[in-house]
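Down below is the structure, laid out as C-alpha coordinates.
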Amino acid sequence: MNGSDILMIRIYDTNGPTLVSEFKMSTNQTLNFSLKGGNGGNGGNLTIIKDPSVKEFNINYQITCGRGGAEHNASMSGRDGRDGTFKEEVRAVKM
(Lines give C-alpha, C1' and ligand atoms only; values in the text may rest on other atoms or scores of the structure.)
Protein backbone atom coordinates (compact mmCIF):
# COMPACT_ATOMS: atom_id res chain seq x y z
CA MET A 1 0.00 0.00 0.00
CA ASN A 2 1.06 3.64 -0.11
CA GLY A 3 1.25 4.54 3.60
CA SER A 4 -2.53 4.96 3.99
CA ASP A 5 -4.48 3.30 6.79
CA ILE A 6 -5.41 -0.35 6.29
CA LEU A 7 -8.60 -2.08 7.42
CA MET A 8 -8.78 -5.78 8.32
CA ILE A 9 -12.09 -7.23 7.12
CA ARG A 10 -13.43 -10.54 8.44
CA ILE A 11 -16.68 -12.00 7.16
CA TYR A 12 -18.47 -14.57 9.31
CA ASP A 13 -21.50 -16.76 8.81
CA THR A 14 -23.08 -16.32 12.22
CA ASN A 15 -25.02 -19.57 11.91
CA GLY A 16 -21.68 -21.28 12.62
CA PRO A 17 -20.06 -18.91 13.46
CA THR A 18 -17.67 -19.76 10.66
CA LEU A 19 -15.04 -17.45 9.15
CA VAL A 20 -15.98 -17.14 5.46
CA SER A 21 -13.38 -14.66 4.22
CA GLU A 22 -10.61 -12.41 5.52
CA PHE A 23 -8.77 -9.64 3.68
CA LYS A 24 -7.21 -6.20 4.02
CA MET A 25 -8.21 -3.06 2.19
CA SER A 26 -7.24 0.59 2.16
CA THR A 27 -9.54 3.09 3.87
CA ASN A 28 -10.00 4.92 0.56
CA GLN A 29 -11.52 1.80 -1.04
CA THR A 30 -15.20 0.82 -0.87
CA LEU A 31 -16.51 -2.57 0.26
CA ASN A 32 -19.47 -3.64 -1.90
CA PHE A 33 -21.71 -6.24 -0.29
CA SER A 34 -24.84 -7.89 -1.68
CA LEU A 35 -27.09 -10.34 0.18
CA LYS A 36 -30.08 -11.90 -1.57
CA GLY A 37 -32.43 -14.62 -0.40
CA GLY A 38 -33.28 -17.53 -2.69
CA ASN A 39 -36.84 -18.14 -3.97
CA GLY A 40 -39.17 -17.26 -1.11
CA GLY A 41 -36.14 -16.80 1.17
CA ASN A 42 -35.34 -13.92 3.44
CA GLY A 43 -32.47 -11.57 2.68
CA GLY A 44 -29.49 -11.87 5.01
CA ASN A 45 -28.68 -9.71 8.00
CA LEU A 46 -25.49 -7.67 7.79
CA THR A 47 -23.81 -6.35 10.94
CA ILE A 48 -20.67 -4.23 10.69
CA ILE A 49 -18.59 -4.14 13.88
CA LYS A 50 -16.05 -1.31 13.79
CA ASP A 51 -13.27 -0.76 16.26
CA PRO A 52 -13.41 2.78 17.73
CA SER A 53 -10.01 3.47 16.13
CA VAL A 54 -11.53 3.23 12.61
CA LYS A 55 -11.98 6.76 11.32
CA GLU A 56 -12.99 6.02 7.73
CA PHE A 57 -14.89 3.06 6.26
CA ASN A 58 -16.85 3.06 3.00
CA ILE A 59 -19.49 0.43 2.33
CA ASN A 60 -22.21 0.00 -0.28
CA TYR A 61 -24.69 -2.74 0.49
CA GLN A 62 -27.84 -4.25 -0.94
CA ILE A 63 -29.97 -6.67 1.06
CA THR A 64 -33.03 -8.06 -0.73
CA CYS A 65 -35.47 -10.92 -0.32
CA GLY A 66 -36.09 -13.68 -2.81
CA ARG A 67 -39.24 -13.72 -4.94
CA GLY A 68 -41.90 -16.31 -4.28
CA GLY A 69 -41.64 -19.41 -6.45
CA ALA A 70 -44.26 -20.06 -9.15
CA GLU A 71 -46.57 -23.09 -9.06
CA HIS A 72 -46.77 -25.44 -12.03
CA ASN A 73 -49.99 -23.91 -13.38
CA ALA A 74 -48.69 -20.36 -12.75
CA SER A 75 -52.03 -19.24 -11.26
CA MET A 76 -50.49 -19.22 -7.77
CA SER A 77 -47.06 -18.40 -6.50
CA GLY A 78 -45.23 -18.66 -3.21
CA ARG A 79 -44.75 -15.77 -0.83
CA ASP A 80 -41.81 -13.39 -1.22
CA GLY A 81 -39.24 -13.43 1.57
CA ARG A 82 -38.44 -10.50 3.86
CA ASP A 83 -35.66 -8.02 3.17
CA GLY A 84 -32.70 -8.38 5.50
CA THR A 85 -31.33 -5.82 7.94
CA PHE A 86 -28.23 -3.68 8.27
CA LYS A 87 -26.74 -2.39 11.50
CA GLU A 88 -23.44 -0.90 12.54
CA GLU A 89 -21.86 -1.32 15.98
CA VAL A 90 -18.80 0.46 17.34
CA ARG A 91 -16.90 -1.60 19.88
CA ALA A 92 -13.41 -2.90 20.54
CA VAL A 93 -12.35 -5.61 18.10
CA LYS A 94 -9.70 -8.15 19.12
CA MET A 95 -7.08 -9.08 16.54
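Of note:
- Here the stretch 1-60 has 43 percent of its accessible surface on carbon and sulfur atoms, given a 1.4 Å probe and all protein chains in place.
- Taking a straight Cα-Cα cut-off under 17 Å and skipping sequence neighbours fewer than 8 places away in the same chain, the lysines within cross-link reach of Lys24 are Lys50, Lys55, Lys94.
- Area of Glu22 that stays accessible when all protein chains are in place (1.4 Å probe, Å², to 10): 90
The values are calculated or read from the model by the stated rules, or taken from the named source; none is laboratory data. As the structure is a prediction and not an experimental result, all values here were calculated from the model. What goes into the accessible areas is simple: the full protein's heavy atoms, side chains included, and nothing from ligands, DNA or RNA. Shrake-Rupley method; radii C 1.70, N 1.55, O 1.52, S 1.80 Å.
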